[in-house]
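Working notes for the structure below.
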Amino acid sequence: AQSVAQPEDQVNVAEGNPLTVKCTYSVSGNPYLFWYVQYPNRGLQFLLKYITGDNLVKGSYGFEAEFNKSQTSFHLKKPSALVSDSALYFCAVRPLWELTFGSGTQLTVLP
Amino acid sequence: ETGVTQSPTHLIKTRGQQVTLRCSSQSGHNTVSWYQQALGQGPQFIFQYYREEENGRGNFPPRFSGLQFPNYSSELNVNALELDDSALYLCASSSRGDTEAFFGQGTRLTVV
């Protein structure tokens, strides 16, 4: 069975500093990997995906993620954090049709 | 904003009652999935509908059921509500073969 782990419940970073939100996964076969963001009282918003090809994936709002097959990781990154990036971030894997999500990481960017 | 809309946005039900949640998929999408997000947790897959047929189901009891209509909109029905059914219910639409799904804003269900 597939699974996703987000080891940090909370990440705090100062505005302007780089940010990383960690994700590791377990799935048989080639993974489809995703990052979604959730603002308070809202649904999930798609940020980026890895299907195949270049290990560095660029997405919306300046976010990017690095796929590392040997470490089974798919960490979300941004070179310079904004206060408006503060939200709940979910990593997900899609083995077939449905998404399996991690438990989420609350990102707080401090002004 | 995605083109996925859910109704109602909030509702309160009593334990033992039944509830129907609705979802209109994004134009051009023929696949709808439903997820339950309990407070402080990630979304959990309930089931998926493709061309009006259930196409996969997560670890949820049979009192969770659904429908998909010819226009690809969908309903989630929950019978015999329990307190633990209190959650945000999310609908996601996609086209078969597409990789990413687009989510609605969710329905917040509170069971008292």
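The values are calculated or read from the model by the stated rules, or taken from the named source; none is laboratory data. Predicted, not measured: the structure shown is a model, and the values here were computed from it. Counting neighbours? That spans all protein chains shown, and the Cβs are built from the backbone with ideal geometry, glycine included.
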Determine the pairs where a residue that is more than 9 Å from chain A (Cβ to nearest Cβ) and closer than 9 Å to A:Gly43 by Cα, located within the stretch B:88-112, has a partner that is surrounded by fewer than 22 Cβ atoms within 10 Å (Cβ to Cβ) and of a type in the set (Lys, Arg) with Cβ atoms under 6 Å apart, the partner being 6 or more residues away or on another chain.
none
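Taking only the stretch B:61-111 into account, find how many residues are part of a loop (DSSP other than H, G, I, E, B) and out of contact with any strand residue (DSSP E or B) (no Cβ under 7 Å at 6 or more places or on another chain).
Adding up the residues that qualify gives 9.
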If you go through the stretch A:65-103 one residue at a time, how many are part of a loop (DSSP other than H, G, I, E, B), within 17 Å of A:Tyr32 (Cα to Cα) and within 14 Å of chain B (Cβ to nearest Cβ)?
7
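Results for (1) touching an Asp or Glu at 6+ places or on another chain (Cβ under 6 Å); (2) under 30 Å from B:Arg108 (Cβ atoms); (3) of a type outside the set (Asp, Glu), shown as yes or no for each residue.
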| position | (1), (2), (3) |
| --- | --- |
| A:Tyr32 | no, yes, yes |
| A:Tyr36 | no, yes, yes |
| A:Leu44 | no, yes, yes |
| A:Tyr50 | no, no, yes |
| A:Lys58 | yes, no, yes |
| A:Ala65 | no, yes, yes |
| A:Ser70 | no, no, yes |
| A:Lys77 | yes, no, yes |
Would you be able to tell me the number of residues in the stretch A:16-35 that are within 13 Å of chain B (Cβ to nearest Cβ) and more than 16 Å from A:Ala5 (Cβ to Cβ)?
2
Condition test on B:Phe60, is it within 21 Å of A:Ser103 (Cα to Cα) and at pLDDT 95 or above?
yes
With criteria (1) under 30 Å from A:Glu8 (Cβ atoms); (2) away from every other protein chain (no Cβ under 11 Å); (3) not in a loop (DSSP other than H, G, I, E, B), B:Arg22 comes up short on (1)
I'd like the residue in the stretch B:4-26 that is more than 11 Å from the chain's Cα centre (by Cα) and of a type in the set (A, V, I, L, M, F, W, C) and, out of all such residues, is surrounded by the most Cβ atoms within 10 Å (Cβ to Cβ).
B:Val4
Keeping to the stretch A:41-64, report how many residues are away from chain B (no Cβ under 11 Å) and free of Cβ contacts under 8 Å to residues at least 12 places away in the same chain.
5
